[in-house]
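Input: a single structure, listed below in structure tokens.
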Amino acid sequence: MAYLTTHPDVVPVVSYRFGKGATNIDRYIELDGYKAARKAIEMGPEAVIAEMKASNLRGRGGAGFPTGMKWSFVPKQSEKPKYILVNGDESEPATCKDRLIFEHDPHSVIEGVIIAGLAVGAKMGFIYLRGEYRYLLNIMEKAIEDAYAKGFLGKNIFGSGIEFEAVSHTGAGAYEVGEESALMESLEGKRGIPRIRPPFPAVVGLYGGPTVINNAETLATVPHIIRMGGAEYAKIGTERNGGTRLFCLSGHLEKPGVYELPMGYNLKRMIYEVGGGIPGGRKLKAVVPGGSSTPVLLPEEIDIGMDFDQVGKAGSMLGSGGVVVLDETVCMVEFALRTMRFYQHESCGWCIPCREGTDWLKKSLTRVHAGGGVDKDIDNIQYLAENMLGRTFCPLGDAAAMPTIAFVKKFRKEFEDHLDGKGCPYKHSLQHEAVLA
Amino acid sequence: MATETTIFSPELAARFDKLVTLYPVRRSALVPMLLYAQDEVGYISKAVVAEVARRVGVLENDVVSVLSYYSMLRTQPIGKFNVQVCTNICCMLRGGNELFEHCKKRLGIGHKGTTADGVFSLEEVECIGACSWAPAVQVNYDFHENLTPESMDKVLEEYREKAQK
Amino acid sequence: MADVTFTVDGKKLTAPAGTLLIEACRKAGIEIPAFCYYPNLSLQAACRMCVVRIEKMPKLQTACTTVVTEGMAVTTESDEVKQSRKAMVELVLGNHPLDCPVCDAGGECELQDMTFTYGAHESRYVEIKQHRDEQQWSPVVFFDRPRCIMCYRCVRVCAEGMDVWALAVDNRGVSSVIAPNEGDSLLCEQCGMCIDICPVGALTSGTYRYKTRPWEMNHVGTICTHCGDGCKTTLGVRPVNDGVEIIRGDNRDKSGINGDFLCVKGRYAFDFAHHEGRLTKPLVRQTDGKLAPVSWEHAIDFTAKKLREIRDTRGGNAIGVIGSNRTTNEEAYLLQKFARSVLGTNNIDHHRTADYTAFAAALKDKPGREASLRDFASARAILLLGNDPTNQHPGLAWQIRTNVRLNRARLYVANHEDVRLRRQARASVILPSDGYASFVSYLGGNDGAFRGSDLTASFRDVIRKEESLLIAFGSELRGRDIQALVDFGLSLPNTKFACLGDYVNSRGAADMGLLPDLLPGYIPVSASTQFAEEYGSALPAQAGLDLIQMFDAAGQGDLAALYIVGANPVSRYGIDPSALKNTFLVVQDMFLTETAALADVVFPAANLYEKAGTVTNTYGDLQLVKKASDRAGVRTDFEIVVRVVDKMGADPKKLVPFGKGVRADFGQSRGAETGEADRHAVWLVANHLEPKLSPFDPFAVFDEIQRLVPAYNVPRLNLLLGNDEHLKSELVQIESVAGRRDLVLPANDVLYTSGTLGRYSAKLEEVVASATILMKPAETAAD
Ligand SMILES: Cc1cc2nc3c(=O)[nH]c(=O)nc-3n(C[C@H](O)[C@H](O)[C@H](O)COP(=O)(O)O)c2cc1C
Ligand code: SF4
Ligand code: FES
């Protein structure tokens, strides 16, 4: 069972009902559940979107796009039905937060979807969970059933005369499907190949209709914003970065775990105070601040606030909120290799730079790590990654290229230490054969 | 509309009959249907492909094209319990590789291998969403987290017992 | 749409708003490289070769998905852009085998060209490349996975263009692979479009692979000899010991009436030309009753003498002539001229596959009412009555599908069978197989003629509302029914028609007067003055025997001689061989067909790929046939007839007016091989004739055709440039044809058969036997 970890600095907004039995719909209602949806019906679409804009909520899926603005892009009039799509594909390495929401508070997602539907005029929502999350799918299905039974979903929700349907849906193992347009393809029963944009999903999305796609955490936050008011919510975070987010602390920490902290929370403090510091008194080597796709930070770069703008300024990205802490024992070449193996395995294969680039990089990194590298390999790795960057069909190529460039630039010496038959200088490092082909 | 002949259990067939009606287009049911079919049959056989194609109304090669995209879907039978060891970065930092090596030795099989008695299959997998509780393993759909080689042994033991029942 | 103005590399350009940048640039002569982009197929943006810098955009943009907008400023060849393209080429080459020296595509490979252009010559890749063995998917399609660059052109052309959906992508990432629908083989129409469209050597042709290098061939654009669509095809030929051999058929010349398209026959079924049963020596029946090879000299002398004797003793009425659906217009014309002016008979006919005569009569004095094949690519609405174009007129089917897909044209189908084009149809009705006439009557407003459902009524209603309509009908409709259909069509605001017949020059055969009652241009034999003047001899004024009557006459001993060119009526009409017992039978053919086997003289004839001239497809599109290949020993039907006439003592100059101010032939009849010994010139010199124009020059006859058949008087230059010219069919002169027997016998060929000729194509036979062909419509189209 996944659980939330506590710390005095934690500000429970999204996690407010975690551990309180809120999977039970009655319990959820007792804990202020579905109040926000009723309130949103009274407020009307414009007011809901205004409230969302005021909240400064930025998408929790990774890119940090302002949610209120995203919703406002949906055309008012549309020939085709509009849809809400919950991105619960959660596959970015180092990210395990949506899981907690589905497990502890599934109704908050449903309620968020209903509110989003009201705001943009959609009558149907889909909640897409990654295939590995089967136990969560069961929870979600039950929650949807219960919501229908109470009349919160269906032809006449909350007796308002408004119709809204919700369907939960499972994937079957594919990181790329987390990319929003690939997600729509997958939901339409196809291979998870992203779509050409424009048109953007807000205009032409699922089944050709305007579609709002939000991360599960984003949508689970929505009812709280409506409940407490956008301005109130915005106050918790920093400028242009409202509220809290679920940070997933992992790696070499005394107390790894998922913590709900205000946006802008200091990264150094997050590691040393919240996460309990590095075990065994070992030294910090590097931090990956926002999931495996984000460029690595050096110890001297981590005295920053964890919001989209500040991490961006530091040369990385807040991403999906997965903070990975690496101590001095880690071989950065191996770490870079493991990261690239992931992207090579998950590339959909559609475009040349991503399909060929990830494979080539994986092979080169494997060889360099094993001691078969020569001097020019390091430049070549950087060359390849730089030539993928910004050239691929979807951001997966960037997600593979960006961290690689940072690893080479910031740890070039370590790459050099592997060259000319020397092999990996880190004793603990497992020369374990890369089997994921 | 029910499909007349089915290779699935009546329950699953009924579920599929409903599944295709939930979406604006039948085809949307394709990926979940394949996964549920695999859960029941053990893998996606030719017969599964044929029936699923019929149920969602696409060509069989279309089904194959889709199923071969998703890494959880397989076209060969495997053991009763699929031990999926994550070795992605967070698990790797906390002993995921060692855990995978341990499982290999303990079960006497490699990546995508199956034990002779058909009880276990082993697979190295990408991040399964348990990063803060690493290293983690999924056996079929069940998560096991914060593992050590010792606690892994216990987990395997439990499944072996289950297999005997 | 309104035009917008934008700049590309500093040049000011204009294009309609909504045009893709890549197309706008190409039209302005600025080439933007692309692997995956292919005009008229869905957009992929997968190869990233077409990237350009657009002002105010943060990243490079793909020109294949960007539409031009007012004021847009684009840079296509900066260092940044070039570097990006170079990197893409390097990345593809990483896993691409560098086997260009043996690869079929070597020399005409888009990847090679890009590598050359962007200079990705330095190898950065040191890992082992992924290898997979080559696969054979069908007798004609091979797939070499490592060479595939995943541009998805093949998948798209098969699905979107062909509506066959036989290819898909399996797996993902670097393991992605193009997969055929039957696991390791294809079940499809074997059209080979995937091969044509493949930019590299991943998909190769079973007839061509590893045979030669592209630069060792000559490429001749000519017309396919098979069905009535008359697609343009490019034949790759090379000299061999006994002539010039065809090694490849493809559609590299996309300017033809078939656009991008070529079917299985156009692409592969040229191999009959090299069939081992091919006749290369004239045969004459000996006293022992057996056919034996003789010299050309002897065979011609013998034939000429015999024919002259029969004509002079028993009269022209004792001689019959049967022409061909596959010879050129000039040959068909020459044959009827030979029959009428030299043999003195109107006993001339051919295997009729559509009632062009009735069609011509119905359209008389109705200018511009005949649809060209090109019209089907742009028509707003199309009614298809009878016929199964997917099988019988694949080129037409392609144009219709393309039109529906790109322009949302409305297709209406009325047929007695479940033809595949119903999938593209806005509305369709099933008719009883004998219900066409009554349905046409019903369309015309006779409610009682056809007992239909509400569906039929609404079908009629929507058609009647069409502002502009093309009606294509099959051989199900003949005679008065065609008249009725045309009358109905003309009651609508703007209708054009197409009459669907079966072979490459079926239409030409009828137009050129291979008919017992009609002269070229459908002029009744009774009104032959103009012809008689031109020919300088009186022509028989009575209608002659038709094909059936000729065989009846032969059976009764009334036909002393029968001259058959490029036809196999004995097999086609099930003629009892004994009927020809007492008839002197001359056959010009490529093979010892059932008919040729009964002959007294067999002349080994050249086929359409071995000659020059013109052909008319079933839509009345006139096109140039160019000589591509050659076979030692054979002669064109044209030459054989001229030589026979010469030896009969008639004046070849009268038959082929090559002395009378005819325009030169632009060398078209010379063929592809410049080193070819010019038999014509040799003959001319030997006969003290001016070697400028040869009596075997079909263009001399074409001149005469243009004079006598006004419909054929189209601009000649365009034709000689290899373009099609639509006939002016309203100029057809025809009297009423009431009570005339149409004698139409549809060929009933499908995609993989081609009358007698098809039987001599080993590739077609192999394809049919391989069980990889789609005969029935695929169950469901993927959405
Ligand atoms: C390769 C790739 C994988 C992604 N995976 C996920 C994911 O698993 N979950 C998620 O919410 N967003 C993921 N995203 C981001 C989505 O594309 C999209 O931005 C997000 O769902 C929008 O929701 P938000 O505005 O609430 O953040 C991914 C993006 C890319 C490029
Ligand atoms: S086989 Fe050829 S056409 Fe098809 S994807 Fe590969 S390279 Fe493109
Ligand atoms: S042509 Fe634009 S990406 Fe391929």
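The values are calculated or read from the model by the stated rules, or taken from the named source; none is laboratory data. These numbers were taken from a predicted model, which means no experiment stands behind them. Neighbour counts are summed over all protein chains in view; Cβ atoms, including those assigned to glycine, are modelled from backbone coordinates with ideal geometry.
Listing for the model above:
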quantity: Subset of segment C:132-161 [within 14 Å of another protein chain (Cβ to nearest Cβ), more than 8 Å from ligand 2 (Cβ to nearest atom) and not small (G, A, S)]; calculated: C:R132, C:W137, C:R145, C:P146, C:R156, C:C158
quantity: Options C:G368, C:G344, C:G320; residue that is closer than 21 Å to C:G557 by Cα and out of contact with any Phe, Trp or Tyr (no Cβ under 9 Å at 6 or more places or on another chain); calculated: C:G344
quantity: The one condition in (1) within 16 Å of ligand 3 (Cβ to nearest atom); (2) more than 17 Å from C:G249 (Cβ to Cβ); (3) touching a residue at least 40 places away in the same chain (Cβ under 8 Å) that C:R147 fails to fulfil; calculated: (1)
quantity: Residue pairs meeting the criteria (Cβ under 9 Å; at least 6 apart or on separate chains; first farther than 22 Å from C:R572 by Cβ, in segment C:317-336; second of a type in the set (S, T, N, Q) and in a helix (DSSP H, G or I)); calculated: none
quantity: 3 or more residues touching a Lys or Arg at 6+ places or on another chain (Cβ under 9 Å): qualifying helices (runs of 4 or more DSSP H) within segment A:297-374; calculated: A:332-346, A:352-369
quantity: The listed residue being within 14 Å of ligand 3 (Cβ to nearest atom) and without any contact (Cβ under 8 Å) to a residue 60 or more places away in the chain, out of C:A63, C:A17; calculated: C:A63
quantity: Single condition A:I193 does not satisfy, out of (1) farther than 30 Å from A:K123 by Cα; (2) within 16 Å of ligand 2 (Cβ to nearest atom); calculated: (1)
quantity: Qualifying residues in segment C:99-142 (those that are assigned to a strand (DSSP E or B) and of a type in the set (S, T, N, Q)) - the one farthest from ligand 1 (Cβ to nearest atom); calculated: C:Q136
quantity: Residue among C:R172, C:R145 that is outside the structural domain of C:Q392 (by TED's automatic domain parsing) and within 16 Å of ligand 1 (Cβ to nearest atom); calculated: C:R172
quantity: Residue tally, condition surrounded by fewer than 24 Cβ atoms within 10 Å (Cβ to Cβ) and β-branched (V, I, T), over segment C:247-263; calculated: 1
quantity: Residues satisfying the stated conditions in segment C:264-277, i.e. within 18 Å of C:V625 (Cβ to Cβ) and not aromatic (F, W, Y); calculated: C:K265, C:G266, C:R267, C:A269, C:A273
quantity: Some residue of segment C:205-213 being within 9 Å of ligand 2 (Cβ to nearest atom), surrounded by fewer than 23 Cβ atoms within 10 Å (Cβ to Cβ) and within 28 Å of C:V625 (Cβ to Cβ); calculated: no
quantity: Residue count for segment A:242-279, restricted to those that are away from chain B (no Cβ under 13 Å) and closer than 27 Å to A:M52 by Cα; calculated: 11
quantity: Pick from segment C:172-191, criterion outside any loop (DSSP other than H, G, I, E, B) and within 19 Å of C:V768 (Cα to Cα), ranking: farthest from the other protein chains (Cβ to nearest Cβ); calculated: C:C188
quantity: Residue identified as under 25 Å from C:M550 (Cβ atoms), within 20 Å of the chain's Cα centre (by Cα) and among the β-branched types (V, I, T) among C:T593, C:T616, C:T583; calculated: C:T616
quantity: Test result for A:Y259, more than 16 Å from ligand 2 (Cβ to nearest atom), more than 13 Å from A:T67 (Cβ to Cβ), surrounded by fewer than 24 Cβ atoms within 10 Å (Cβ to Cβ) and among the hydroxyl-bearing types (S, T, Y); calculated: no
quantity: Residue in segment C:440-461 that is within 23 Å of C:Y356 (Cβ to Cβ) and surrounded by fewer than 22 Cβ atoms within 10 Å (Cβ to Cβ) present; calculated: yes
quantity: 3 or more residues more than 7 Å from chain A (Cβ to nearest Cβ) and more than 23 Å from A:G192 (Cβ to Cβ): qualifying helices (runs of 4 or more DSSP H) within segment B:62-165; calculated: B:96-107, B:149-164
quantity: Test: residue in segment C:50-57 that is closer than 29 Å to C:V404 by Cα and buried (at least 22 other Cβ atoms within 10 Å of the Cβ); calculated: yes
quantity: Evaluation of B:L59 against (1) under 28 Å from A:E176 (Cα atoms); (2) away from every other protein chain (no Cβ under 11 Å); (3) aliphatic (A, V, I, L, M) (one fails), failing number; calculated: (2)
quantity: Residue check, A:V177 assigned to a helix (DSSP H, G or I), on the phi < 0 side of the Ramachandran plot, of a type in the set (V, I, T) and not assigned by TED's automatic domain parsing to the domain that holds A:P395; calculated: yes
quantity: Residue satisfying condition, being of a type in the set (K, R), touching a residue at least 12 places away in the same chain (Cβ under 8 Å) and over 21 Å from A:V74 (Cβ atoms), within set A:K190, A:K142; calculated: A:K142
quantity: Segment C:550-576 - residue that is touching a residue at least 60 places away in the same chain (Cβ under 8 Å) and part of a helix (DSSP H, G or I) and, of those, surrounded by the most Cβ atoms within 10 Å (Cβ to Cβ); calculated: C:M550
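Residue by residue, here is whether (1) assigned to a loop (DSSP other than H, G, I, E, B); (2) crowded, with 21+ Cβ neighbours inside 10 Å; (3) basic (K, R) holds:
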residue: B:T6; (1), (2), (3): yes, no, no
residue: B:K18; (1), (2), (3): no, no, yes
residue: B:P24; (1), (2), (3): yes, no, no
residue: B:L30; (1), (2), (3): no, yes, no
residue: B:D39; (1), (2), (3): no, no, no
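Yes/no per residue for (1) more than 22 Å from the chain's Cα centre (by Cα); (2) within 14 Å of chain B (Cβ to nearest Cβ); (3) surrounded by fewer than 21 Cβ atoms within 10 Å (Cβ to Cβ); (4) closer than 30 Å to A:E273 by Cβ:
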{"position": "A:A22", "(1), (2), (3), (4)": "yes, no, no, yes"}
{"position": "A:M52", "(1), (2), (3), (4)": "no, no, no, no"}
{"position": "A:R60", "(1), (2), (3), (4)": "no, no, no, yes"}
{"position": "A:T67", "(1), (2), (3), (4)": "no, no, no, yes"}
{"position": "A:K70", "(1), (2), (3), (4)": "no, no, no, no"}
{"position": "A:L85", "(1), (2), (3), (4)": "no, yes, no, no"}
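Every residue, every condition in (1) closer than 16 Å to A:A216 by Cβ; (2) charged (D, E, K, R), yes or no:
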| site | (1), (2) |
| --- | --- |
| A:I29 | no, no |
| A:D32 | no, yes |
| A:E51 | no, yes |
| A:R60 | yes, yes |
| A:M69 | no, no |
| A:S72 | no, no |
| A:E79 | no, yes |
| A:D89 | yes, yes |
| A:L100 | yes, no |
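So that you can scan it fast, the table gives a plain yes or no per residue for (1) touching a strand residue (DSSP E or B) at 6+ places or on another chain (Cβ under 8 Å); (2) within 21 Å of C:I773 (Cβ to Cβ); (3) outside the structural domain of C:T616 (by TED's automatic domain parsing):
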{"residue": "C:V220", "(1), (2), (3)": "yes, no, yes"}
{"residue": "C:I223", "(1), (2), (3)": "yes, no, yes"}
{"residue": "C:C227", "(1), (2), (3)": "yes, yes, yes"}
{"residue": "C:T234", "(1), (2), (3)": "yes, no, yes"}
{"residue": "C:E245", "(1), (2), (3)": "yes, no, yes"}
{"residue": "C:D253", "(1), (2), (3)": "yes, no, yes"}
{"residue": "C:G256", "(1), (2), (3)": "yes, no, yes"}
{"residue": "C:G259", "(1), (2), (3)": "no, no, yes"}
{"residue": "C:F270", "(1), (2), (3)": "yes, yes, yes"}
